[in-house]
Amino acid sequence: EQSEAAKVFNEFCKEHALYLRFGKVTKGADLSAPLGPPEAVFFVRHMATLGKKEEAVVRIAGDQFSTASELAKRAAEALPAVRVLDDSMRPFATVLDKPIVMYHLPFDAGLVYNVNRFRKVTSEFVKDFDFYVMDVEGKEKELEEQYNVVLTDRQALTSNAAGASFGMSEGVVPGGMGKNSEAIAKFLDSLRTGKAEASVLSEVPPPEDDQPLKKLVGKTWNSHVVNGDKDHFVMFHAPWCGHCKAAKPDWKILAKAFHQGGVKSMQVSLFDATANKVPSPLEVKSYPKFYFFPAGKADSPIEYDDTRSMMAWAKFAQKHATHRFEINQVYWGWKKRIEFGEDDGEEEL
């Protein structure tokens, strides 16, 4: 009861009491074969999560761990390569270093069959990934927050260390694992070889052009903002938002003023935050939101939360831009726009 292993076990119990049931057996109990002698922790798995020829009890000797995190890691290592991600697995789901691949499917009468087939198709990839299956019902938001992925029925996805999401969108057909095995194997191979393309929630990318006001979408964010060489001033909006509709005409004027004033290092853009995945580390919970992204520093956006007017925006951009420009350039660009008699009525974007 006073051993170091018992103290660590007690700490582990307190940390994970919400998800697991715990018990202790001390001297006087018969822990002879087949479990082996104490001192040890026995992790007894729920029968519904067992695959063929899998042991229901995982034994972890007391000298194999010295901290609660080590105990969790030893248990995770002893678990099978493919696990059903129910509440009892939560303490072990993130303790290993390998990326996590999820298979999202209904927990119905075909669950055992589908899980066993998934184990078979993933057997050659167990050194590269941790595999989980999870119930399709009502878990999308939870998974998006925990694994940085958005799941739909019968998709396998993973999240790498950098947070990029990868999804199997091709070749998935209704009917369970029997019809999807080949597509999943091909997807896993593309992940292992680095050929998989990151998938993000995105509208269809618009044609590339030299318009003053650019429409950014999830799939074009990296090429323009992260890897591009321009400063970017972006308005995050929602199509139904009245404040966004009120701000758009002046935002369009700002874009034209930069364009006509010859400030080629500045791009003013719109981003529909309801139809595209908002890039990390931003949190857009109200609309509109204005963020400035200095060239080469896309991971350090600067929020604008002040007067919504062309010159106020322009002065803010001048203050934070990587590429310097004169405010008079914006002013003369605005004057040219008037001289050209351009219509600033709102356009669909």
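The values are calculated or read from the model by the stated rules, or taken from the named source; none is laboratory data. Because the structure is predicted, anything quoted here is derived from the model rather than measured. Cβ placement follows ideal geometry from the backbone for every residue including glycine, while neighbour counts extend to all protein chains displayed. Each accessible area value is taken on the protein alone, full model and side chains, heavy atoms only, with ligands, DNA and RNA left out. Shrake-Rupley method; radii C 1.70, N 1.55, O 1.52, S 1.80 Å.
Among (1) open to solvent by less than 70 Å² (accessible area, probe 1.4 Å); (2) within 29 Å of SER265 (Cβ to Cβ), where does ILE184 come up short?
Every listed condition holds for ILE184 apart from (2).
Quick one: in region 311-340, of everything that is part of a loop (DSSP other than H, G, I, E, B) and open to solvent by 60 Å² or more (accessible area, probe 1.4 Å), which residue is modelled with the lowest pLDDT?
Ranking the qualifying residues of region 311-340, first place goes to PHE340.
Look through region 264-280, keep the residues that are within 22 Å of ASP229 (Cα to Cα) and small (Gly, Ala, Ser), and return whichever of them is modelled with the lowest pLDDT.
Checked region 264-280; the qualifying residue modelled with the lowest pLDDT is SER280.
Just one of SER265, SER223 is out of contact with any strand residue (DSSP E or B) (no Cβ under 9 Å at 6 or more places or on another chain) and hydroxyl-bearing (Ser, Thr, Tyr); which is it?
The conditions single out SER223.
Of the numbered conditions (1) over 17 Å from HIS232 (Cβ atoms); (2) at pLDDT 90 or above; (3) open to solvent by less than 60 Å² (accessible area, probe 1.4 Å); (4) charged (D, E, K, R), ASP305 satisfies every one except a single condition; which is it?
(3)
Out of GLY163, GLY171, GLY176, which single residue is open to solvent by 30 Å² or more (accessible area, probe 1.4 Å) and at pLDDT below 80?
Selected residue: GLY171, the only one of GLY163, GLY171, GLY176 that is open to solvent by 30 Å² or more (accessible area, probe 1.4 Å) and at pLDDT below 80.
Which of the residues spanning region 99-129 are assigned to a loop (DSSP other than H, G, I, E, B), modelled with pLDDT of 70 or more and open to solvent by less than 70 Å² (accessible area, probe 1.4 Å)?
Across region 99-129, the qualifying residues are PRO99, GLY110, VAL126, ASP128, PHE129.
For region 242-259, check the following and say yes or no: at least one residue is assigned to a loop (DSSP other than H, G, I, E, B), among the aliphatic types (A, V, I, L, M) and open to solvent by less than 40 Å² (accessible area, probe 1.4 Å).
no
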